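Undergrad: Would you mind keeping the following structure in view while I ask a few things?
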Amino acid sequence: EFKQFALGLVKDHPATWGFYIGDELLPTSENVSQVAALSNEVEQIARGKPTLFVQLPRADLAGGLEPFLGATDVGATDYYPIGLEPSLKRFPSIAAGNRAITSNHGKGSGMVLQAFSWAQYYPETYPSAPFPTRSEMLKMRDLAITHGKPGMLLWYAYNDVLETADPAGHWADVRAAA
């Protein structure tokens, strides 16, 4: 009943593109079944609205994303390299891999790009991890577009931008990169 109520509130709003049905799940049969069930529920409540599933770029990108593609309209990968190794070096292959997998399944593709500092999540492990600069965000965007040709780009995460020492400056950087 809650899903019916919540989706009913926004499904016809012009700002509602679609619905996010899963994020960074291990590709177990239980998780794949749960995402498929949720996708079916969303389809019943909000007919015609697309769905999105986002996966981490595991060593085997196909093995992580592919099992969920039967339940979604758009498959995306989130890769947040700024402040960690190997930085942006893997970005082209991850973007291209996402596009290849989604295309092989006739699905739309997307990329989720980094707008936070790892120090915000793991201050003890990455105490000096930087917030991405405008230049780094532009580089992520350009690499995603050039190598992955995504139909959708998302930036993670607005709440993290607001929790920095310079929210207005970082938000201006995200807007410029977007």
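The values are calculated or read from the model by the stated rules, or taken from the named source; none is laboratory data. Bear in mind the structure is a predicted one, so any value in this text is a computation, not a measurement. Note: ideal-geometry Cβ built from the backbone for every residue, glycine included; neighbour counts use all protein chains shown. When the accessible area is computed, the model is the full protein with side chains, heavy atoms only, and any ligands, DNA or RNA have been set aside. Shrake-Rupley method; radii C 1.70, N 1.55, O 1.52, S 1.80 Å.
Undergrad: Looking only at residues in region 1-17 that are open to solvent by less than 50 Å² (accessible area, probe 1.4 Å) and among the aliphatic types (A, V, I, L, M), which one is farthest from G70 (Cα to Cα)?
TA: Taking region 1-17 as the starting set, the residues that turn out to be open to solvent by less than 50 Å² (accessible area, probe 1.4 Å) are 6-8, 16.
Filter once more, so that each one left must be among the aliphatic types (A, V, I, L, M): 6-7.
Working: A6: 24, L7: 21 Å.
Ranking the candidates gives A6 first.
Undergrad: Criterion first (touching a residue at least 40 places away in the same chain (Cβ under 8 Å) and over 19 Å from S109 (Cβ atoms)) does I21 satisfy it?
TA: The answer is no for I21.
Undergrad: Just to be sure I understand, how many residues within region 103-137 are crowded, with 20+ Cβ neighbours inside 10 Å and free of Cβ contacts under 8 Å to residues at least 12 places away in the same chain?
TA: 0
Undergrad: Can you report the number of residues in region 138-166 which are part of a helix (DSSP H, G or I), farther than 25 Å from I101 by Cα and open to solvent by less than 60 Å² (accessible area, probe 1.4 Å)? Break it down stepwise before answering.
TA: Just the residues of region 138-166 that are part of a helix (DSSP H, G or I), to begin with: 138-148, 158-162.
Restricting the remaining residues to those that are farther than 25 Å from I101 by Cα gives 158-162.
Retained after the next criterion (residues that are open to solvent by less than 60 Å² (accessible area, probe 1.4 Å)): 160-161.
Adding up the residues that qualify gives 2.
Undergrad: How many residues are more than 12 Å from the chain's Cα centre (by Cα) and open to solvent by less than 70 Å² (accessible area, probe 1.4 Å) if we restrict to region 18-32?
TA: Here is the first cut: in region 18-32, the ones more than 12 Å from the chain's Cα centre (by Cα) are 18-19, 25-32.
Filter once more, keeping what is open to solvent by less than 70 Å² (accessible area, probe 1.4 Å): 18-19, 25, 27-28, 31-32.
Counting residues in region 18-32 that are more than 12 Å from the chain's Cα centre (by Cα) and open to solvent by less than 70 Å² (accessible area, probe 1.4 Å) gives 7.
Undergrad: Oh, and also: Are there any pairs with C-beta distances below 6 angstrom linking a residue in region 78-102 that is at positive phi to a residue that is in a helix (DSSP H, G or I), with the two at least 6 apart or on different chains, and if so which?
TA: If the second residue must be in a helix (DSSP H, G or I), the pairs left are G83/W118.
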